[in-house]
Amino acid sequence: MRNTARWATLLGLTAAAVCAPLAGAALAAPGDAPSALYAPSALVLTVGHGDSAATVTPERAVTLTCAPGPSGTHPAAASACADLNGVSGDFDALTMRDGVFCTQQYDPVLVTVDGVWQGQRVSHERIFPNACVMSAHGSSVFAF
């Protein structure tokens, strides 16, 4: 049951993140058409404690839209989009910031990312040893 609720939540948030930027274009007047087309970048990020996506219940979820501009419920959308653009959307390339020290305590945190990055479907999950290590990766992408 928990897994069904997780997928229902992810599906709803992904649909909202992907469709929201497109709805504005559909409602715009004919003279307000965008000057250039862009590949959408809309993501849903979730975080929960545990080490298996099948058993982890998401504790927080945010949306992040980077194209045509940074928006969403992510608390630092502009910075997160800049970080992702810097690594071409490769979540594995987000490394720990210099000068951050975390304890060696093992309290696994699972982050999932689902959506579209520059027009390509994205599904990513990553386990961090604890919340400090998660927050230190990618400057602001996982800090929500």
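Points to keep in mind about this one:
- Among the residues of segment 37-63, the ones that are in contact with a helix residue (DSSP H, G or I) (Cβ under 8 Å, 6 or more places away or on another chain), farther than 13 Å from VAL109 by Cα and among the hydroxyl-bearing types (Ser, Thr, Tyr) come to 2 in all.
- Among residues of segment 81-92 that are in a helix (DSSP H, G or I), those with a Cβ under 9 angstrom from a residue that is open to solvent by 60 Å² or more (accessible area, probe 1.4 Å), sequence gap 6+ or separate chain, pair up as CYS81/PRO70; ALA82/PRO70; LEU84/ASP90.
- Segment 92-144: number of residues that are among the acidic types (Asp, Glu), surrounded by fewer than 18 Cβ atoms within 10 Å (Cβ to Cβ) and modelled with pLDDT of 90 or more: 2
- Pair list, Cβ < 6 Å and 6+ apart or interchain, from segment 126-138 residues that are at negative phi to residues that are at pLDDT 90 or above and surrounded by fewer than 18 Cβ atoms within 10 Å (Cβ to Cβ): ILE127/PRO108; PRO129/TYR106; ASN130/GLN105; ASN130/ASP107
- Qualifying position, being modelled with pLDDT under 50 and among the small types (Gly, Ala, Ser), among ALA77, ALA26, ALA15: ALA26
The values are calculated or read from the model by the stated rules, or taken from the named source; none is laboratory data. Quick caveat: nothing in here was measured; it's all calculated off a predicted structure. With ideal geometry, Cβ positions are generated from the backbone for all residues, glycine too; neighbour counts draw on all protein chains shown. Surface accessibility is based on the protein's heavy atoms, side chains included, excluding ligands, DNA and RNA. Shrake-Rupley method; radii C 1.70, N 1.55, O 1.52, S 1.80 Å.
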